[in-house]
Amino acid sequence: MRFINGRLVLLLVFLFCCNVLSGAGSTVYAEDASIVRASQVDGSVTVNGKPLKDGDIIQRDDRIVTKEKSVAILTWSNGSMLEIYPETSIVLKGVIFEGDNKLEKTLLTLERGRIFAKAQTPEHIFSHFEISVGNTPVMSQGAEFALKYEESEKKFTIWSILGRVVIETGTKRIRVDDGQQVVLVAGGSPATPTPMPDRTREALTKASKRLGGSLLIEEELSPGGPLKAKIGGVRNRRGSAPYTVQFKAIIGGGSGKIKSIRWDFGDGESVQGKNAQHTFTQGVYVVVLTVEDENGQRITSQVSISVEIDCSC
(Lines give C-alpha, C1' and ligand atoms only; values in the text may rest on other atoms or scores of the structure.)
Protein backbone atom coordinates (compact mmCIF):
# COMPACT_ATOMS: atom_id res chain seq x y z
CA MET A 1 0.00 0.00 0.00
CA ARG A 2 2.86 2.37 0.81
CA PHE A 3 4.38 1.53 -2.58
CA ILE A 4 1.15 2.35 -4.39
CA ASN A 5 0.73 5.61 -2.46
CA GLY A 6 4.33 6.53 -3.27
CA ARG A 7 3.75 5.99 -6.98
CA LEU A 8 0.54 7.99 -6.74
CA VAL A 9 2.37 10.90 -5.11
CA LEU A 10 5.04 10.84 -7.83
CA LEU A 11 2.36 10.84 -10.53
CA LEU A 12 0.58 13.80 -8.93
CA VAL A 13 3.86 15.72 -8.65
CA PHE A 14 4.59 15.00 -12.31
CA LEU A 15 1.16 16.19 -13.44
CA PHE A 16 1.45 19.31 -11.27
CA CYS A 17 4.81 20.18 -12.81
CA CYS A 18 3.45 19.65 -16.32
CA ASN A 19 0.50 21.90 -15.52
CA VAL A 20 2.76 24.64 -14.18
CA LEU A 21 5.00 24.49 -17.26
CA SER A 22 2.07 24.58 -19.67
CA GLY A 23 0.45 27.54 -17.89
CA ALA A 24 -3.12 28.72 -18.26
CA GLY A 25 -4.08 29.76 -21.77
CA SER A 26 -0.54 29.99 -23.25
CA THR A 27 2.27 27.53 -23.26
CA VAL A 28 5.76 28.64 -22.26
CA TYR A 29 8.64 26.30 -22.91
CA ALA A 30 11.86 27.68 -21.46
CA GLU A 31 13.96 25.44 -23.72
CA ASP A 32 12.45 27.06 -26.84
CA ALA A 33 13.46 30.60 -25.88
CA SER A 34 16.71 31.87 -27.37
CA ILE A 35 20.01 31.67 -25.58
CA VAL A 36 21.70 35.07 -25.75
CA ARG A 37 25.49 35.14 -26.11
CA ALA A 38 28.16 37.79 -26.46
CA SER A 39 29.38 36.91 -29.96
CA GLN A 40 31.89 39.77 -30.16
CA VAL A 41 33.47 41.98 -27.50
CA ASP A 42 35.87 44.78 -28.42
CA GLY A 43 37.46 46.96 -25.77
CA SER A 44 36.31 47.36 -22.18
CA VAL A 45 32.84 45.83 -21.69
CA THR A 46 31.38 44.58 -18.42
CA VAL A 47 28.45 42.42 -17.36
CA ASN A 48 27.31 43.15 -13.81
CA GLY A 49 30.62 44.90 -13.19
CA LYS A 50 32.79 42.00 -14.38
CA PRO A 51 34.61 41.75 -17.74
CA LEU A 52 32.44 40.39 -20.55
CA LYS A 53 34.14 37.86 -22.84
CA ASP A 54 33.34 36.42 -26.25
CA GLY A 55 30.96 33.47 -25.88
CA ASP A 56 29.57 34.45 -22.46
CA ILE A 57 25.88 33.70 -21.99
CA ILE A 58 23.77 36.70 -20.99
CA GLN A 59 21.27 35.89 -18.25
CA ARG A 60 18.07 37.58 -17.14
CA ASP A 61 18.66 40.95 -15.41
CA ASP A 62 22.30 41.10 -16.54
CA ARG A 63 23.52 44.67 -17.06
CA ILE A 64 26.00 45.24 -19.88
CA VAL A 65 28.05 48.43 -19.91
CA THR A 66 30.40 49.50 -22.71
CA LYS A 67 33.15 51.99 -21.99
CA GLU A 68 34.57 54.61 -24.34
CA LYS A 69 35.64 53.15 -27.73
CA SER A 70 34.17 49.76 -26.77
CA VAL A 71 31.53 47.69 -28.54
CA ALA A 72 29.70 44.41 -27.92
CA ILE A 73 27.48 42.28 -30.16
CA LEU A 74 24.85 39.98 -28.64
CA THR A 75 23.39 37.12 -30.68
CA TRP A 76 20.12 35.26 -30.05
CA SER A 77 20.13 31.58 -30.99
CA ASN A 78 16.92 32.15 -32.99
CA GLY A 79 18.58 34.80 -35.15
CA SER A 80 18.21 38.26 -33.58
CA MET A 81 21.24 40.47 -33.01
CA LEU A 82 22.02 43.56 -30.95
CA GLU A 83 25.06 45.80 -31.36
CA ILE A 84 25.87 47.89 -28.28
CA TYR A 85 27.86 51.03 -29.04
CA PRO A 86 30.38 52.88 -26.80
CA GLU A 87 29.26 54.38 -23.48
CA THR A 88 26.02 52.45 -23.35
CA SER A 89 24.26 50.65 -20.50
CA ILE A 90 21.57 48.06 -21.24
CA VAL A 91 19.80 45.37 -19.18
CA LEU A 92 18.38 42.11 -20.53
CA LYS A 93 15.12 41.68 -18.61
CA GLY A 94 14.32 38.32 -20.15
CA VAL A 95 13.56 36.20 -23.20
CA ILE A 96 10.18 34.45 -23.25
CA PHE A 97 8.77 31.97 -25.75
CA GLU A 98 4.99 31.63 -26.10
CA GLY A 99 4.55 28.21 -27.67
CA ASP A 100 0.88 28.64 -28.61
CA ASN A 101 1.64 31.82 -30.55
CA LYS A 102 5.14 30.78 -31.75
CA LEU A 103 6.24 34.16 -30.40
CA GLU A 104 9.61 34.99 -28.88
CA LYS A 105 9.60 38.12 -26.70
CA THR A 106 12.79 39.88 -25.71
CA LEU A 107 12.55 42.50 -22.94
CA LEU A 108 15.33 45.06 -22.57
CA THR A 109 15.96 48.32 -20.73
CA LEU A 110 18.19 50.94 -22.36
CA GLU A 111 19.56 53.07 -19.53
CA ARG A 112 21.75 55.25 -21.73
CA GLY A 113 23.65 55.21 -25.01
CA ARG A 114 22.96 53.72 -28.43
CA ILE A 115 22.13 50.32 -29.89
CA PHE A 116 21.41 48.75 -33.27
CA ALA A 117 18.87 45.91 -33.26
CA LYS A 118 18.04 43.21 -35.80
CA ALA A 119 14.91 41.70 -34.25
CA GLN A 120 14.62 38.81 -36.68
CA THR A 121 13.79 35.12 -36.38
CA PRO A 122 13.20 32.25 -38.85
CA GLU A 123 10.00 32.22 -40.91
CA HIS A 124 8.20 29.83 -38.51
CA ILE A 125 8.82 31.94 -35.37
CA PHE A 126 7.65 35.47 -34.58
CA SER A 127 9.88 38.04 -32.92
CA HIS A 128 8.90 40.81 -30.51
CA PHE A 129 11.47 43.19 -29.04
CA GLU A 130 10.31 45.53 -26.27
CA ILE A 131 12.84 48.07 -25.06
CA SER A 132 12.04 50.32 -22.10
CA VAL A 133 13.55 53.78 -22.59
CA GLY A 134 12.86 56.21 -19.76
CA ASN A 135 9.66 54.25 -18.92
CA THR A 136 8.52 54.46 -22.54
CA PRO A 137 8.13 51.10 -24.34
CA VAL A 138 9.67 50.85 -27.80
CA MET A 139 8.43 47.74 -29.63
CA SER A 140 9.44 45.96 -32.80
CA GLN A 141 8.24 42.81 -34.51
CA GLY A 142 11.10 41.87 -36.80
CA ALA A 143 12.44 45.33 -37.69
CA GLU A 144 15.99 46.57 -38.01
CA PHE A 145 16.44 49.83 -36.19
CA ALA A 146 18.79 52.03 -34.19
CA LEU A 147 17.90 53.61 -30.85
CA LYS A 148 19.73 56.33 -28.96
CA TYR A 149 18.89 57.53 -25.44
CA GLU A 150 20.38 60.72 -24.01
CA GLU A 151 19.70 60.17 -20.33
CA SER A 152 20.53 63.71 -19.15
CA GLU A 153 18.00 65.24 -21.55
CA LYS A 154 15.48 62.37 -21.32
CA LYS A 155 15.51 62.35 -25.10
CA PHE A 156 15.60 59.39 -27.43
CA THR A 157 15.82 58.98 -31.20
CA ILE A 158 14.69 56.00 -33.28
CA TRP A 159 15.74 55.22 -36.85
CA SER A 160 14.04 52.35 -38.73
CA ILE A 161 15.72 50.96 -41.85
CA LEU A 162 13.54 47.84 -42.30
CA GLY A 163 10.16 47.04 -40.79
CA ARG A 164 8.15 48.99 -38.24
CA VAL A 165 8.94 50.26 -34.74
CA VAL A 166 6.08 51.26 -32.42
CA ILE A 167 6.36 53.66 -29.47
CA GLU A 168 3.68 53.79 -26.76
CA THR A 169 3.66 57.30 -25.30
CA GLY A 170 0.65 56.72 -23.06
CA THR A 171 -1.52 59.07 -25.06
CA LYS A 172 -0.57 58.01 -28.58
CA ARG A 173 0.90 55.09 -30.51
CA ILE A 174 3.63 56.29 -32.86
CA ARG A 175 4.63 54.08 -35.80
CA VAL A 176 8.06 54.51 -37.37
CA ASP A 177 8.25 52.76 -40.75
CA ASP A 178 11.03 52.01 -43.23
CA GLY A 179 13.30 54.99 -43.80
CA GLN A 180 11.79 57.10 -41.02
CA GLN A 181 13.09 58.56 -37.78
CA VAL A 182 11.53 60.24 -34.77
CA VAL A 183 12.86 62.23 -31.81
CA LEU A 184 10.96 62.10 -28.50
CA VAL A 185 11.44 63.83 -25.16
CA ALA A 186 9.98 62.37 -21.97
CA GLY A 187 6.94 64.41 -20.95
CA GLY A 188 6.90 66.26 -24.26
CA SER A 189 4.29 66.25 -27.00
CA PRO A 190 4.19 63.16 -29.26
CA ALA A 191 6.32 63.78 -32.35
CA THR A 192 5.62 62.86 -35.96
CA PRO A 193 8.11 60.59 -37.79
CA THR A 194 10.07 62.23 -40.59
CA PRO A 195 12.19 60.85 -43.46
CA MET A 196 15.63 59.67 -42.44
CA PRO A 197 18.58 61.52 -44.04
CA ASP A 198 20.22 59.50 -46.83
CA ARG A 199 23.56 59.62 -45.07
CA THR A 200 22.08 58.09 -41.90
CA ARG A 201 20.32 55.35 -43.84
CA GLU A 202 23.52 54.46 -45.69
CA ALA A 203 25.41 54.16 -42.40
CA LEU A 204 22.73 51.94 -40.84
CA THR A 205 22.55 49.78 -43.97
CA LYS A 206 26.30 49.22 -43.73
CA ALA A 207 25.87 48.22 -40.09
CA SER A 208 23.18 45.73 -41.07
CA LYS A 209 25.34 44.14 -43.79
CA ARG A 210 28.31 43.97 -41.44
CA LEU A 211 26.15 42.00 -39.00
CA GLY A 212 25.17 39.50 -41.67
CA GLY A 213 22.32 40.84 -43.78
CA SER A 214 18.60 40.61 -43.16
CA LEU A 215 15.73 38.15 -43.48
CA LEU A 216 13.62 41.07 -44.72
CA ILE A 217 15.74 41.94 -47.77
CA GLU A 218 14.18 40.45 -50.89
CA GLU A 219 17.15 39.39 -53.01
CA GLU A 220 16.42 37.88 -56.41
CA LEU A 221 17.20 34.19 -56.84
CA SER A 222 19.93 33.22 -59.30
CA PRO A 223 19.00 31.66 -62.66
CA GLY A 224 20.10 28.16 -63.59
CA GLY A 225 20.26 25.04 -61.48
CA PRO A 226 17.26 23.43 -59.79
CA LEU A 227 13.99 25.31 -59.36
CA LYS A 228 14.03 27.71 -56.39
CA ALA A 229 11.27 29.80 -54.82
CA LYS A 230 10.75 32.00 -51.77
CA ILE A 231 8.02 34.28 -50.47
CA GLY A 232 8.46 38.03 -50.72
CA GLY A 233 6.34 41.10 -50.18
CA VAL A 234 5.76 40.46 -46.47
CA ARG A 235 7.14 43.28 -44.34
CA ASN A 236 5.28 42.44 -41.12
CA ARG A 237 4.35 38.84 -40.32
CA ARG A 238 2.19 39.94 -37.37
CA GLY A 239 -0.81 42.22 -37.51
CA SER A 240 -4.11 43.17 -35.88
CA ALA A 241 -7.31 41.47 -37.07
CA PRO A 242 -8.48 41.71 -39.77
CA TYR A 243 -5.02 41.72 -41.35
CA THR A 244 -4.41 42.03 -45.11
CA VAL A 245 -1.05 40.84 -46.41
CA GLN A 246 0.53 41.20 -49.84
CA PHE A 247 2.58 38.26 -51.11
CA LYS A 248 4.79 37.80 -54.15
CA ALA A 249 6.61 34.74 -55.46
CA ILE A 250 10.35 35.14 -56.04
CA ILE A 251 11.47 32.39 -58.42
CA GLY A 252 14.79 31.28 -59.92
CA GLY A 253 16.36 28.27 -61.62
CA GLY A 254 14.45 25.46 -63.25
CA SER A 255 13.45 25.54 -66.91
CA GLY A 256 12.72 29.26 -66.75
CA LYS A 257 9.12 28.66 -67.83
CA ILE A 258 6.62 28.37 -64.97
CA LYS A 259 3.59 26.11 -65.30
CA SER A 260 1.79 27.05 -62.07
CA ILE A 261 2.09 29.17 -58.92
CA ARG A 262 -0.27 28.33 -56.07
CA TRP A 263 -0.81 30.00 -52.70
CA ASP A 264 -2.43 28.13 -49.79
CA PHE A 265 -3.18 30.50 -46.88
CA GLY A 266 -3.71 27.96 -44.11
CA ASP A 267 -7.38 28.80 -43.64
CA GLY A 268 -8.82 26.74 -46.52
CA GLU A 269 -8.43 29.54 -49.07
CA SER A 270 -6.04 29.37 -52.06
CA VAL A 271 -5.29 31.35 -55.24
CA GLN A 272 -3.09 31.12 -58.33
CA GLY A 273 -0.61 33.71 -59.59
CA LYS A 274 2.76 35.31 -58.92
CA ASN A 275 1.25 37.99 -56.68
CA ALA A 276 -1.45 37.40 -54.08
CA GLN A 277 -3.37 39.30 -51.42
CA HIS A 278 -5.21 37.76 -48.51
CA THR A 279 -7.05 38.99 -45.42
CA PHE A 280 -6.62 36.91 -42.27
CA THR A 281 -8.77 36.75 -39.14
CA GLN A 282 -7.35 36.11 -35.65
CA GLY A 283 -5.04 33.09 -35.46
CA VAL A 284 -1.68 31.71 -36.58
CA TYR A 285 -1.43 30.57 -40.21
CA VAL A 286 1.20 28.79 -42.31
CA VAL A 287 1.15 30.18 -45.86
CA VAL A 288 2.54 27.74 -48.43
CA LEU A 289 3.78 28.75 -51.89
CA THR A 290 3.99 25.92 -54.46
CA VAL A 291 5.74 26.51 -57.82
CA GLU A 292 5.98 24.05 -60.72
CA ASP A 293 7.83 24.57 -64.01
CA GLU A 294 7.11 23.08 -67.43
CA ASN A 295 9.52 20.18 -66.81
CA GLY A 296 7.59 19.05 -63.75
CA GLN A 297 10.05 20.37 -61.15
CA ARG A 298 8.16 21.45 -58.04
CA ILE A 299 9.30 23.51 -55.07
CA THR A 300 7.54 24.87 -51.99
CA SER A 301 8.24 27.70 -49.56
CA GLN A 302 6.34 28.77 -46.50
CA VAL A 303 5.97 31.59 -44.01
CA SER A 304 3.91 31.98 -40.84
CA ILE A 305 1.45 34.84 -40.30
CA SER A 306 0.12 35.74 -36.83
CA VAL A 307 -3.04 37.83 -36.42
CA GLU A 308 -4.05 39.14 -32.99
CA ILE A 309 -6.85 41.35 -31.69
CA ASP A 310 -4.24 44.06 -31.03
CA CYS A 311 -0.58 43.18 -31.60
CA SER A 312 0.70 46.74 -30.88
CA CYS A 313 2.42 46.64 -34.26
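The values are calculated or read from the model by the stated rules, or taken from the named source; none is laboratory data. As the structure is a computational prediction, the values presented were derived from the model and not from experiment. Every residue, glycine among them, receives a Cβ derived from its backbone with ideal geometry; neighbour counts consider all protein chains shown.
How many residues does the range 271-285 contain that are within 13 Å of V245 (Cα to Cα) and either assigned to a strand (DSSP E or B) or basic (K, R) (or both)?
Looking only at the range 271-285, we keep the residues that are within 13 Å of V245 (Cα to Cα), and these are 275-281, 285.
Going one step further and asking which of them are either assigned to a strand (DSSP E or B) or basic (K, R) (or both), we end up with 275-280, 285.
Selection size over the range 271-285: 7.
Which residues, counting only those in the range 299-313, are modelled with pLDDT of 95 or more and surrounded by fewer than 14 Cβ atoms within 10 Å (Cβ to Cβ)?
If the condition is that a residue be modelled with pLDDT of 95 or more and surrounded by fewer than 14 Cβ atoms within 10 Å (Cβ to Cβ), then T300 is the only one that fits.
Of the residues K230, K259, which single one is in a strand (DSSP E or B), among the charged types (D, E, K, R) and surrounded by fewer than 17 Cβ atoms within 10 Å (Cβ to Cβ)? First the steps, then the outcome.
Details: K230 fails: surrounded by fewer than 17 Cβ atoms within 10 Å (Cβ to Cβ).
Step by step, each of K230, K259 is checked, and only K259 is in a strand (DSSP E or B), among the charged types (D, E, K, R) and surrounded by fewer than 17 Cβ atoms within 10 Å (Cβ to Cβ).
To keep it simple, each residue is scored yes or no on (1) touching a Phe, Trp or Tyr at 6+ places or on another chain (Cβ under 9 Å); (2) of a type outside the set (V, I, T).
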{"position": "I115", "(1), (2)": "yes, no"}
{"position": "E123", "(1), (2)": "no, yes"}
{"position": "A146", "(1), (2)": "yes, yes"}
{"position": "K155", "(1), (2)": "yes, yes"}
{"position": "I161", "(1), (2)": "yes, no"}
{"position": "L184", "(1), (2)": "yes, yes"}
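Scan Q272, Q302, Q297 and give me the residue that is among the polar types (S, T, N, Q) and within 27 Å of the chain's Cα centre (by Cα). It would help to see each step written out before you state the result.
Details: Q272 fails: within 27 Å of the chain's Cα centre (by Cα); Q297 fails: within 27 Å of the chain's Cα centre (by Cα).
The unique qualifying residue is Q302.
Any chance you could count how many residues in the range 241-256 are farther than 13 Å from A229 by Cβ, assigned to a strand (DSSP E or B) and of a type in the set (A, V, I, L, M)?
Within the range 241-256, residues that are farther than 13 Å from A229 by Cβ, assigned to a strand (DSSP E or B) and of a type in the set (A, V, I, L, M) number 1.
Listed residues T136, T106, T157; which is crowded, with 23+ Cβ neighbours inside 10 Å, among the hydroxyl-bearing types (S, T, Y) and in contact (Cβ under 8 Å) with a residue 12 or more places away in the chain?
On the way: T136 fails: crowded, with 23+ Cβ neighbours inside 10 Å; T157 fails: crowded, with 23+ Cβ neighbours inside 10 Å.
Unique residue meeting the criteria: T106.
Any idea which residue in the range 280-298 is farthest from I258 (Cα to Cα), counting only those that are surrounded by 14 or more Cβ atoms within 10 Å (Cβ to Cβ) and hydroxyl-bearing (S, T, Y)?
The residue in question is Y285.
For the range 36-60, which residues satisfy the criterion of being surrounded by 12 or more Cβ atoms within 10 Å (Cβ to Cβ) and outside any loop (DSSP other than H, G, I, E, B)?
Residues satisfying the conditions are V36, R37, A38, S39, Q40, V41, D42, V45, T46, V47, I58.
For the range 134-153, check the following and say yes or no: at least one residue is of a type in the set (K, R) and under 11 Å from the mean Cα position of the chain (by Cα).
Taking the range 134-153 as the starting set, the residues that turn out to be of a type in the set (K, R) are 148.
Those still in the list that are under 11 Å from the mean Cα position of the chain (by Cα) too: none.
No, there is no match, as no residue in the range 134-153 is of a type in the set (K, R) and under 11 Å from the mean Cα position of the chain (by Cα).
Conditions first: (1) in contact with an Asp or Glu (Cβ under 7 Å, 6 or more places away or on another chain); (2) in a strand (DSSP E or B). R63 passes all but one, so which condition is the exception?
Here R63 clears every test but (1).
Just to be sure I understand, how many residues within the range 210-234 are of a type outside the set (A, V, I, L, M, F, W, C), at pLDDT below 80 and within 30 Å of T281 (Cα to Cα)?
Here the count works out to 3.
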